[in-house]
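Working notes, structure below.
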Amino acid sequence: MIDKTPVHKLSDSLPDFTAIIKDLEDNPEKARDAERKAAEGMAALHAVTAEGTYKKIVPDKYKNIGRKLNTAGSKARQQFYAQAVHAWEQMKAGNTVTLILLGDSGIGKSFFSCWLIHEALLTPKTITGDIPAYWSCDYVTGSALSARYKNADGYGAHESREHIAHEYTLADILVVDEIGRYESKYEQQAVFDIADQRQKSMVIISQKKGVEFANYVGTAVMDRLNPTALFIDTDGMESWRV
């Protein structure tokens, strides 16, 4: 039996775009208002997407971070944040920066890096067309890198070290946190591979200080980081946890 249900043409349900375009051409003010509303809608949609991305990549304790950075505290803390925010301004200006934050636990190194990720995801890059481009970011701990590298050596591994290292070259800004907290040859190799391949900005965080950090990651890593490295002094900074 033949189905005689009427079939509606797709064209019958579409608006008359020719008339809409002519109306906008004849009314420049209306066109500008439509353009503004479209931009606002896209920005609102991106903000929702960015929040979801942020909460997917950072540790749970930083998921509800705000855009306002709390810099209250000692002179050392204020100086730390001033230098760190300046590094972010350099990144926004198009400069490749490797921000290296070394120092004791609890002084705000990871907090700042997650604030930077949150800020970057919501910040348009230089707009080269009608559609703004936004920063892409990623976050990983040294122990997570170590585990992935170790698993890549196992029988039936589903990813190689080369694949893992390449993954961390893609985002505009990469945060590698807690380097050296659990010392491992796998972590050292992963940090070298990433430093060797990345050509974009990065934040390196460790509780190791100065020479101890340099000795742990090795001369080859330091040689690769130094051209874009910015070390932030954390001496004298009080812990948030006190």
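The values are calculated or read from the model by the stated rules, or taken from the named source; none is laboratory data. From a predicted model like this one, the values you see are computed outputs, not experimental measurements. Neighbour counts run over all protein chains shown; Cβ positions are idealised from the backbone, glycine included. For the accessible areas, the whole protein counts, side chains as well, though only heavy atoms, and no ligand, DNA or RNA atoms are used. Shrake-Rupley method; radii C 1.70, N 1.55, O 1.52, S 1.80 Å.
General observations
- Any hit, the range 155-177, residues being in contact with a Ser or Thr (Cβ under 8 Å, 6 or more places away or on another chain), touching a residue at least 24 places away in the same chain (Cβ under 8 Å) and more than 30 Å from Ala50 (Cα to Cα): no
- Residues of the range 144-174 that turn out to be open to solvent by 60 Å² or more (accessible area, probe 1.4 Å), over 26 Å from Leu121 (Cα atoms) and not acidic (Asp, Glu), as a count: 6
- Whichever residue in the range 197-222 is part of a helix (DSSP H, G or I) and closer than 24 Å to Glu89 by Cα and, among such residues, is farthest from the chain's Cα centre (by Cα): Met222
- Residue match in the range 57-70 (condition: open to solvent by 30 Å² or more (accessible area, probe 1.4 Å), at pLDDT 90 or above and within 14 Å of Ile173 (Cβ to Cβ)): yes
- Among (1) assigned to a helix (DSSP H, G or I); (2) within 28 Å of Pro227 (Cβ to Cβ), the one test that Asp104 misses: (1)
- For Arg198, the test of being more than 25 Å from Lys61 (Cβ to Cβ) and open to solvent by less than 30 Å² (accessible area, probe 1.4 Å) is passed.
- Taking each residue of the range 222-237 that is over 18 Å from Ile179 (Cβ atoms) and open to solvent by less than 40 Å² (accessible area, probe 1.4 Å) and looking for partners that are hydroxyl-bearing (Ser, Thr, Tyr) and in a loop (DSSP other than H, G, I, E, B) with beta-carbon atoms closer than 6 Å, six or more apart or interchain, yields nothing.
- When the range 78-102 is filtered for residues that are aromatic (Phe, Trp, Tyr) and either modelled with pLDDT of 95 or more or crowded, with 21+ Cβ neighbours inside 10 Å (or both), the ones remaining, listed by number, are Phe80, Trp88.
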